[in-house]
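Notes to accompany the following structure.
The values are calculated or read from the model by the stated rules, or taken from the named source; none is laboratory data. Since we're looking at a predicted model, the values are computed, not measured. All Cβ positions, even for glycine, are placed from backbone atoms using ideal geometry, and neighbour counts span all protein chains on display. These area figures cover heavy atoms from the full protein model, side chains too; ligands, DNA and RNA do not enter into them. Shrake-Rupley method; radii C 1.70, N 1.55, O 1.52, S 1.80 Å.
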Amino acid sequence: MSTPAATHPRLRALVVDDERPALDELRYLLERDDRVGEVLTTDSATEGLRILRDLDVDVVFLDIQMPGLTGLELAQVLGRFRTPPRIVFVTAHEAHAVEAFDVHAVDYVLKPVRADRLAEAVRRVVAGSDRTTAGDDAQVAVERGGVTRFLNRSDITHVEAHGDYARLHTGDGSHLVRSPLAALEEEWAHAGFVRIHRSLLVSLAHVREVRMDAGHCAVVVGEPPIELGVSRRHTRELRELLLQYRTGP
């Protein structure tokens, strides 16, 4: 059964997989999805790169382990495009999910591919395209109990240092990722994440209140609300950044 008719421009998709049965199955499933307008295919990542240099493609459904240029290597090249296509990895191997996060993949679908799981990947591509027009939002891969899922960075309220790792907090829980706080501070500064303490980053978009009490500053984020202490050295900078964020340039 095809998905309901789309109200947005239909996607041009490219499927890259060196296994012909998998290639044909993905093309068949995508062509049944009303959100997809055209499906291109190739069994070579090198040929896929040539297609992507010649044509505007919205999303690439990409196998990882292929002879010659691998899917991850192709994704790294695409990341240097001025307007890169969105990437959905489709693979039989679970072990590359963290690397998929590093190249900002929208989703990570395991073979054999179920129709409903592929439809969910297309939904994430469409949702991601909508967010890009309103403001860049990245996908963040997290693992729990051997299962990898993708969070929207815009859902993260604050980030807490956890040794050489970092704990991401959202409204429905927390997730440990293999990145130090300093690396996320640098990488996510443009998205409004600022340091408020040596062990905390906060998303300016999620700050609901700033509280001052006897010279001590705290911010309230999230729902249910959580109060986070702000160190003295970061208090003035935080207030200035919040003012800029709320009022714009």
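Below, the figures for the structure above:
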{"item": "Accessible surface, 1.4 Å probe, highest first, among residues Arg35, Arg123", "result": "Arg123, Arg35"}
{"item": "Segment 136-187 versus segment 22-91: alpha-carbon centroid distance in Å", "result": "27 Å"}
{"item": "Accessible heavy-atom area order of Val106, Val77, highest first, probe of 1.4 Å", "result": "Val77, Val106"}
{"item": "Probe 1.4 Å - accessible area at Tyr165, Å² to nearest ten", "result": "90 Å²"}
{"item": "Cβ-placed point charges (K, R +1; D, E -1), dipole of the chain about Cα centre in debye, nearest 20", "result": "820 debye"}
{"item": "Percent antiparallel among DSSP beta bridges (both partners in the chain, rounded to 5)", "result": "65 percent"}
{"item": "Largest-first ordering by accessible area, 1.4 Å probe, given options Met66, Met212", "result": "Met212, Met66"}
{"item": "Apportionment of accessible area to carbon and sulfur, segment 1-92, percent (1.4 Å)", "result": "47 percent"}
{"item": "Accessible-area value, Thr83, 1.4 Å probe, nucleic acids and ligands omitted, Å²", "result": "120 Å²"}
{"item": "Gaussian network model of the chain, Cα within-10 Å springs - most flexible of Ala75, Ala166, Ala141", "result": "Ala166"}
{"item": "Taking all pairs of distinct alpha-carbon atoms in segment 148-196, Kirkwood radius in angstrom", "result": "11.0 Å"}
{"item": "Options Ala205, Val122, Val57, ranked by Cα towards positive dipole end of the chain, top entry (Cβ charges)", "result": "Ala205"}
{"item": "Convex hull (Cα only) mean projected area of the chain, reported in nm² to one decimal", "result": "15.3 nm²"}
{"item": "Whole-number accessible area per residue in Å² for the chain, which is evaluated in the context of all protein chains at 1.4 Å", "result": "54 Å²"}
{"item": "Choice from Gly79, Gly173, Gly71 with maximal GNM fluctuation in the chain (Cα, 10 Å cutoff)", "result": "Gly173"}
